[in-house]
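Structure first, then comments.
Values in this text are rule-based calculations from the coordinates and carry no lab data. All values derive from a computational prediction rather than experimental measurement. No Cβ is skipped: glycine too gets one built from the backbone with ideal geometry, and neighbour counts run over all protein chains shown.
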Amino acid sequence: MVAQLIDGKALAAQTRKEIAATILTRTTQGFSQPGLAVILVGNDPASEIYVRNKRHACTEVGIKSIYHPLPDTTTEQTLISLIKTLNQDTQIHGILLQLPLPASINSDKVLEHITPEKDVDGFHPYNLGRLAQRRPLLRPCTPYGVMMLLNSINTTYKGRHAVVVGASNIVGRPMALELLMAGCTVTICHRYTQDLASHVKQADILVSAVGKPSIIKGEWIKPQATIVDVGINRLPDGSLTGDVEFHIAKEKAAWITPVPGGVGPMTVATLLQNTLTAAEQFQQ
Ligand code: NAP
């Protein structure tokens, strides 16, 4: 048996179409366009590409994106002042601060200044706390996108064993909270986990978000498991690969996401969804 692919590209395209239709309906009803402020500090080439893609996606669905490119000499104070201004701006419904920030700036401190109602990345402790309490408001984009992928293949959650490998604040931890909220029994693996293989072998649903190619061996995959590979790693030949040994894993799993074309497109789609949600909930 070869696993079926979970097509993130197709689901993201469908989601974007639905968001565009909702925004069109809203604007014809007299609501203003949702507005997303996009802040990029410095000239990191990968971040510039991510920002360009996100802004392009905004235009496509009818979200107005307002770009704030800042030099890498920007101080923490200047950045916080800009965020405070954007928090007050009624034309702005979401604030996206592209990470990573230059080393001189404390990202956690700055992110906490984004008002939770405009925190469309879902990184603010308030939004993570809401998710932990099973009352999510703006959900962290990547885990939210993974849940949409899992829902699209009619995954059952209750009582199933989900194993999340990676425990970062932006992916692994909120991913575990999403799966817990859905009714899974959840194991979280991280840098200090002993015998990673023994945990992965028990996973009915496996989500890997580490950033190390082939850290998840294909032979560890439980037969008929569902595998979501969040990892994005660039190989020496320039190609992209995930964390999972795809060619072996796909022989054992029932469902598997490709890299690229799996989780990545959904992260952008959920950013757009969160911006629309923020406009719907908080538009004055
Ligand atoms: P991160 O902040 O570097 O976190 C990596 C996590 O992996 C940490 O929690 C770390 O544990 C854990 N880890 C490290 N070595 C490990 C090991 N040997 N065994 C088990 N766990 C280990 O990275 P991130 O931002 O969460 O991103 C993870 C990956 O997802 C990266 O490849 C990134 O490019 C990708 N990503 C993709 C998308 C998308 O849209 N597809 C979005 C975001 C991120 P500790 O906490 O103990 O250090």
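Quick notes on this one:
- Model label points for Ala132 and Ser47, set 7 angstrom from Cα along the Cα-to-Cβ axis, are 2.7 nm apart.
- Using a cutoff of 8 angstrom between alpha carbon atoms and counting only pairs six or more residues apart, the relative contact order for the range 153-207 works out to 46 percent.
- Taking other residues whose beta carbon is less than 15 angstrom from the beta carbon of Phe282, and scoring Lys, Arg as +1 and Asp, Glu as -1, yields -1.
- Net charge over other residues, Cβ less than 14 angstrom from the Cβ of Leu177 (K, R count +1; D, E count -1): +4
- Our coupling estimate for the range 110-122, obtained by passing each phi through the Karplus curve with A = 6.51, B = -1.76, C = 1.60 and θ = phi - 60°, is 5, 4, 5, 7, 6, 4, x, 5, 10, 7, 6, 7, x Hz, Gly and Pro reported as x.
- Charge tally in the Cβ shell below 14 Å around Asp195, where Lys, Arg are +1 and Asp, Glu are -1, Asp195 excluded: +3
- In order along the range 166-173, the Karplus-derived 3J(HN,Hα) couplings, from 6.51 cos²θ - 1.76 cosθ + 1.60 at θ = phi - 60°, round to x, 9, 5, 5, 9, 10, x, 5 Hz, and Gly and Pro are given as x.
- Cα gyration tensor, the range 56-139 - rounded (a/c under 1.5), prolate or oblate: oblate
- Per the Cα gyration tensor, the range 197-281 maps to an equivalent ellipsoid with semi-axes of 27, 17, 10 Å, ordered largest to smallest.
- Calculated from backbone phi, Karplus (6.51, -1.76, 1.60) coupling profile of the range 179-193 in Hz, x at Gly/Pro: 5, 5, 4, 6, x, 6, 8, 10, 10, 10, 10, 8, 3, 9, 5
- Estimated translational D of the chain in µm²/s (Stokes, Kirkwood radius over Cα pairs; 4 °C; 1.567 mPa s): 66
- CD proxy at 222 nm, helix term only [per DSSP H run n ≥ 4: -39500 (n - 2.57); per residue of the chain; nearest 500]: -12500 deg cm²/dmol
- Euclidean distance of C-alpha centroids, the range 224-254 and the range 160-186, integer Å: 19
- Tyr144, Tyr50, Tyr67 arranged by Cβ crowding within 10 Å, fewest neighbours leading: Tyr67, Tyr50, Tyr144
- Total charge dipole magnitude, the chain, about the Cα centre, Cβ charges on Lys, Arg, Asp, Glu only, Debye to nearest 20: 540
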